[in-house]
Amino acid sequence: MSKTVTIRLDEESYAKIKAAAQADNRPISNFLETAALRLIDEVDCADKKRRPLRSFSFAGFWKDRKDMADSLKYVDRLRRQPRR
């Protein structure tokens, strides 16, 4: 039997979650449920056994970015540039 859960979000968090759900063409409730269950699975597995960093869903997040092809050079460049 399904349960109803109420959460409070600030406007910025809501906007991010809504945009991500729309990008996946899913209702916000389904998006949040899926994200929460994935996180629980990742944390549960990590607690039981150390997993390689590449196995987590965020690995490769920026793999298509041309400006980060060489991550060491990218970080060095960031360190040399003053903050704006």
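Going from the fewest other Cβ atoms within 10 Å to the most, the residues GLU11, GLU42 appear in the order GLU11, GLU42.
Rounded to the nearest 0.05, what FRET efficiency do LEU39 and ARG80 have when you use their Cβ-Cβ distance and R0 = 41 Å? Show your work: numbers first, answer last.
Working: r = 36 Å, r/R0 = 0.87.
With a Förster radius of 41 Å, E is 0.70.
Taking the charge dipole of the range 1-45 about its Cα centre, with +1 at Lys and Arg Cβ atoms and -1 at Asp and Glu Cβ atoms, the residue from VAL43, PRO27, ILE17 reaching farthest to the positive side is PRO27.
All of the numbers you see were taken from the coordinates with simple rules; none came from a lab. Computed from a prediction, not measured in an experiment: that's the story for all the values here. Cβ sites come from the backbone with ideal geometry, for glycine too, and all protein chains shown count toward neighbours.
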